[in-house]
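Undergrad: For reference, the structure I am asking about is given below.
The values are calculated or read from the model by the stated rules, or taken from the named source; none is laboratory data. Note that this is a predicted model, so its numbers are computed, not measured. Virtual Cβ from ideal backbone geometry, glycine too; neighbours counted across all protein chains shown. What goes into the accessible areas is simple: the full protein's heavy atoms, side chains included, and nothing from ligands, DNA or RNA. Shrake-Rupley method; radii C 1.70, N 1.55, O 1.52, S 1.80 Å.
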Amino acid sequence: MWQYGKRMTAKEFVEYVKGNSRSRLTETHVHGTWSPSKKAFNGKNYRSLQDGMRRFHIHSRGWSDIGQHATIFPDGKVMTGRDINRAPASAYDHNDLDNDGVHPFMVEMIGNFDKGHDKLEGPQLAAAVYLVNHITGGRFRFHREMQAGKSCPGSGITRSWFEQQLKHGRCAGPFDRYQPGQLKEAPNGAKFTRTLQYVRGNQMTGSDVLAVQRRLGVAPVIKHGKPYGVYGPKTERAVRSFQKKARAKNPTGEVGDWTWGKLFGILK
Ligand SMILES: [Zn+2]
């Protein structure tokens, strides 16, 4: 049974949806709350912010329940909202209200993402990317694309940028075990912001990849005379054998936050 107000990681949420959904979720409708903005989140008040939105939706908007199926908080944690098997209150005429078990999945990200205000970044971005990719296979629409006169999810978030994020982290995992501030930077200054893995045909690149290769002694690709991190099969193998030595529960060959912590350390 779907339960309102449960807090979990993005990965847990995807599992929760799999376990509780009898519906076909066609695409993700992406919203930003505008209010509350990120400032309203104090690191603990998940439930009171969620309840505030729910009250507003029921009492001021006259809806039967909170509009969204999920809320993503600035720290990347996800809270359940409306039953996933009911159509959302996302955008007029786009909610697929006919109760046929086919409707969009609606997510609200806490923040005012209009230009010059909050930034969608870090664990919150990773969680949004993870949900859109894993729940609706990367298919999404912004609220403003369905309703004229809206900037939602925020004028600071462009479609092309968000699509880029989906591609870049298309199987990216968010922070499951640690918060971003708990993980040390790699010696080259790279931070853990996404799960690194070998993606055939679309290999991940970046200073985080390079840091992992340096740490594990994998020779990097050289491009224009400079080492260039590309997460290929060799890196995957090196990561897997490192994970076995580090007694990982599940040596996947992917660098999630646990493996990053083992590679580069954790701030106590
Ligand atoms: Zn919206």
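Undergrad: Please specify each residue of the stretch 22-46 satisfying the condition of being in a loop (DSSP other than H, G, I, E, B), more than 16 Å from the ligand (Cβ to nearest atom) and touching a strand residue (DSSP E or B) at 6+ places or on another chain (Cβ under 9 Å).
TA: The answer is S23, and nothing else.
Undergrad: In addition: Looking only at the stretch 47-65, count how many residues are in contact with a strand residue (DSSP E or B) (Cβ under 9 Å, 6 or more places away or on another chain) and open to solvent by less than 30 Å² (accessible area, probe 1.4 Å).
TA: Summing the residues that are in contact with a strand residue (DSSP E or B) (Cβ under 9 Å, 6 or more places away or on another chain) and open to solvent by less than 30 Å² (accessible area, probe 1.4 Å) in the stretch 47-65 gives 3.
Undergrad: Next question, about the same structure. Kindly indicate the residue of the stretch 116-141 that is over 18 Å from R194 (Cα atoms) and touching a Gly at 6+ places or on another chain (Cβ under 9 Å) and also surrounded by the fewest Cβ atoms within 10 Å (Cβ to Cβ) among those meeting that condition.
TA: G116
Undergrad: Check the stretch 92-106 and report whether any residue there is of a type in the set (V, I, T), in a helix (DSSP H, G or I) and within 24 Å of D65 (Cβ to Cβ).
TA: no
Undergrad: Give the residue, chosen from I266, I222, that is within 27 Å of Q124 (Cα to Cα) and open to solvent by 20 Å² or more (accessible area, probe 1.4 Å).
TA: Checking each option against the conditions leaves just I266.
Undergrad: Here's a follow-up. Six or more apart or on different chains, Cβ under 9 Å: which pairs go from a residue in the stretch 91-103 that's without any contact (Cβ under 8 Å) to a residue 12 or more places away in the chain to one that's aliphatic (A, V, I, L, M) and open to solvent by 30 Å² or more (accessible area, probe 1.4 Å)? Could you list them?
TA: none
Undergrad: Suppose the filter is in contact with a Ser or Thr (Cβ under 8 Å, 6 or more places away or on another chain), touching a residue at least 24 places away in the same chain (Cβ under 8 Å) and either closer than 20 Å to I66 by Cβ or open to solvent by less than 10 Å² (accessible area, probe 1.4 Å) (or both); does F113 pass it?
TA: In short, yes.
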